[in-house]
Amino acid sequence: MLGDINVLFIAAEAEPFVKVGGLGDVAGSLPRYLRKLPPGIAGGRAPDVRLVLPLHSILKPDKGRYRPFSVFSIPYRSGAIPVQVFLSHFEGMPVYLLDAAPIGRTGSVYATDSAIDAEKYTVFSLAALELTRRLDWRPNILHANDWHTALACYALLLRRRLGEFEDIVTVLTIHNLHYMGPDLGSTLQHSGLAAVQTGLPAWARARPLALGIWAADGLVAVSPSYAAEIQTEALGCGLHGYLSARNNSLLGILNGIDTESYNPALDPAIPSNFGIPTLDRRSLNKTALQMRLGLRTSEAIPLVAVVSRLDPQKGIDLLAPALRRLRGAEWQAVILGTGAPTLERSLKRLGREFADRIRIELRYDAVLARQIYAGADILLMPSRYEPCGLAQLIAMRYGCVPIVSAVGGLRDTVVDAETGLVLGAPSSAHLASAIARAVSLLADRREWTRMQKAGMSKDFSWASSARQYLELYQRLLARVDTSRQP
């Protein structure tokens, strides 16, 4: 009979400790929502989820906030590596921060030198696994995320074959298959992890995400459509056949958003709070945003926005030609983000070309992002592929109508002409056509308001996704329980 569910959730980043991208949102929210599940759903009590993070160098100035918890070593070819464990809490959830020489070698969360990252996250993954022996609490689920922690699943399986960790099952969430991590090469040997027959393509046998995919008991892609897409040659990154063979172990669970934080009725970052019953107040945010950006203030002028990493994956290269096609129409635009230098330069040129109506903000600015969601009319996400996407979920929550490509989580969350507009294909011509269509719809305030309210009414909270993860945990543990029956 299934007992308590104890989850060790390991990730490279998590809000509010450290955030670089969407993984930080997920790892900062999902564990907390799992802990909030009603006891009846879990069959006894809510899952006891505990978070494990690297003590990145950028976190060390806050070391006084963390209590020293444990010290141990992990074996390494060059000699044992000492690991210090610090304990913190977030909304009552224990958070373990692991420090070791390779973890603190770089000042950033992710290094530009792949060799540094290879050792950093190998050591972190092995230290997270060793941590399970040092706690007076025993996890029965180890939940890893992306390539940075996938090696923990691989190491656990190898040791399970030696009779260790037989009571722990592993789950690996694939947030973006494209990023498989560096070739670990000799790092695998130095860490004492033997090469075994995996059936993976030769090029993938030293890639941490590929090894985690081979080893994990359960695999999760961050949307149902993305789970199907990575089994195709187009988006399977060379592992489509292997993932298809593991179809029974692969599940698509849509990411959510923290609806307590992203709540336009209470958000302190926006000038005027509003909700569905008070949607008319939203126009005050548009005026405030136009003023902040130095744009002409007018409720009638469509304000188009992008809040994104500037990367070809996101279709950012389509923006300039699409907007140039609409030169004769009336619109304004704001683009917020950082990324590929070539795209940054291209957007700067676009900003100079349309100096009276485009603002290019090349930085990370969480407050401005919220003000854009609350004030812009239209959000553009012409991604070539998108495992899940969070910006469109936040935009709909704030009454900003998204234009998206029909890929991955965008396909799963935006309904054409109901909650947003969906491109036929990610191209500048299709994007320009969709923007023109949105501008036309915006002129019909009744129709536009209907779309805004439809998007704001959707439930994209973590509650539903957390239940699906719980069901996966329960199924995996039930298999273990059944295998132990005489």
Of the criteria (1) acidic (Asp, Glu); (2) over 26 Å from Ala234 (Cα atoms); (3) surrounded by 24 or more Cβ atoms within 10 Å (Cβ to Cβ), which one Glu386 fails: (2)
Wholly within segment 17-130, strands (runs of 3 or more DSSP E) carrying at least 2 residues that are buried (at least 19 other Cβ atoms within 10 Å of the Cβ) and either in the same structural domain as Phe165 (by TED's automatic domain parsing) or over 20 Å from the mean Cα position of the chain (by Cα) (or both): 48-54, 81-90, 93-99
Qualifying positions in segment 446-480 - farther than 19 Å from Leu172 by Cβ, surrounded by fewer than 19 Cβ atoms within 10 Å (Cβ to Cβ), in contact with a Leu (Cβ under 9 Å, 6 or more places away or on another chain) and polar (S, T, N, Q): Thr449, Ser464
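Quick check: is even one residue across segment 426-447 assigned by TED's automatic domain parsing to the domain that holds Ile394, farther than 21 Å from Ala333 by Cα and in a helix (DSSP H, G or I)? It would help to see each step written out before you state the result.
Let us first name the residues in segment 426-447 that are assigned by TED's automatic domain parsing to the domain that holds Ile394, namely 426-447.
Filter once more, keeping what is farther than 21 Å from Ala333 by Cα: 446-447.
Now narrow it down to the ones that are in a helix (DSSP H, G or I): 446-447.
Yes, some residue in segment 426-447 is assigned by TED's automatic domain parsing to the domain that holds Ile394, farther than 21 Å from Ala333 by Cα and in a helix (DSSP H, G or I).
Does Ser383 meet the test of being of a type in the set (S, T, N, Q) and part of a helix (DSSP H, G or I)?
Numbers: of a type in the set (S, T, N, Q): yes; part of a helix (DSSP H, G or I): no.
Criteria not met by Ser383.
Is it the case, given these coordinates, that Leu177 is assigned by TED's automatic domain parsing to the domain that holds Val71 and either assigned to a strand (DSSP E or B) or surrounded by fewer than 24 Cβ atoms within 10 Å (Cβ to Cβ) (or both)? Walk me through how you get there before you give the answer.
On the way: assigned by TED's automatic domain parsing to the domain that holds Val71: yes; either assigned to a strand (DSSP E or B) or surrounded by fewer than 24 Cβ atoms within 10 Å (Cβ to Cβ) (or both): no.
Considered against the rule, which asks whether it is assigned by TED's automatic domain parsing to the domain that holds Val71 and either assigned to a strand (DSSP E or B) or surrounded by fewer than 24 Cβ atoms within 10 Å (Cβ to Cβ) (or both), Leu177 comes out as no.
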Residue list for segment 206-232, restricted to those being among the small types (Gly, Ala, Ser), in contact with a helix residue (DSSP H, G or I) (Cβ under 8 Å, 6 or more places away or on another chain), over 19 Å from Arg475 (Cα atoms) and not in a loop (DSSP other than H, G, I, E, B): Ala210, Gly212, Ser225
Output for segment 131-169, where each listed residue is within 25 Å of Val26 (Cβ to Cβ), out of contact with any helix residue (DSSP H, G or I) (no Cβ under 7 Å at 6 or more places or on another chain) and part of a helix (DSSP H, G or I): Leu131
Tally, over segment 415-444, of residues that are without any contact (Cβ under 8 Å) to a residue 40 or more places away in the chain and within 26 Å of the chain's Cα centre (by Cα): 9
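Scan Gly337, Gly315 and give me the residue that is on the phi > 0 side of the Ramachandran plot and free of Cβ contacts under 8 Å to residues at least 40 places away in the same chain.
On the way: Gly315 fails: free of Cβ contacts under 8 Å to residues at least 40 places away in the same chain.
Going through Gly337, Gly315 in turn, the sole match is Gly337.
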Breaking point among (1) farther than 19 Å from Lys286 by Cβ; (2) acidic (Asp, Glu); (3) free of Cβ contacts under 8 Å to residues at least 40 places away in the same chain, for Glu447: (1)
Qualifying residues in segment 306-328 (those that are closer than 20 Å to Leu293 by Cα and of a type in the set (Gly, Ala, Ser)) - the one farthest from the chain's Cα centre (by Cα): Ala320
Any chance Leu193 is aliphatic (A, V, I, L, M), within 15 Å of Trp147 (Cα to Cα) and modelled with pLDDT under 90: no
Every residue from segment 141-171 that is under 25 Å from the mean Cα position of the chain (by Cα) and surrounded by fewer than 20 Cβ atoms within 10 Å (Cβ to Cβ): none
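Suppose the filter is under 15 Å from Gln452 (Cβ atoms), hydrophobic (A, V, I, L, M, F, W, C) and assigned to a helix (DSSP H, G or I); does Ile394 pass it? It would help to see each step written out before you state the result.
On the way: under 15 Å from Gln452 (Cβ atoms): yes; hydrophobic (A, V, I, L, M, F, W, C): yes; assigned to a helix (DSSP H, G or I): yes.
So Ile394 passes the test.
The values are calculated or read from the model by the stated rules, or taken from the named source; none is laboratory data. This structure is a prediction, so every number in the text was calculated from the model and none was measured. Cβ: placed from backbone, ideal geometry, glycine included. Neighbour counts: every protein chain shown.
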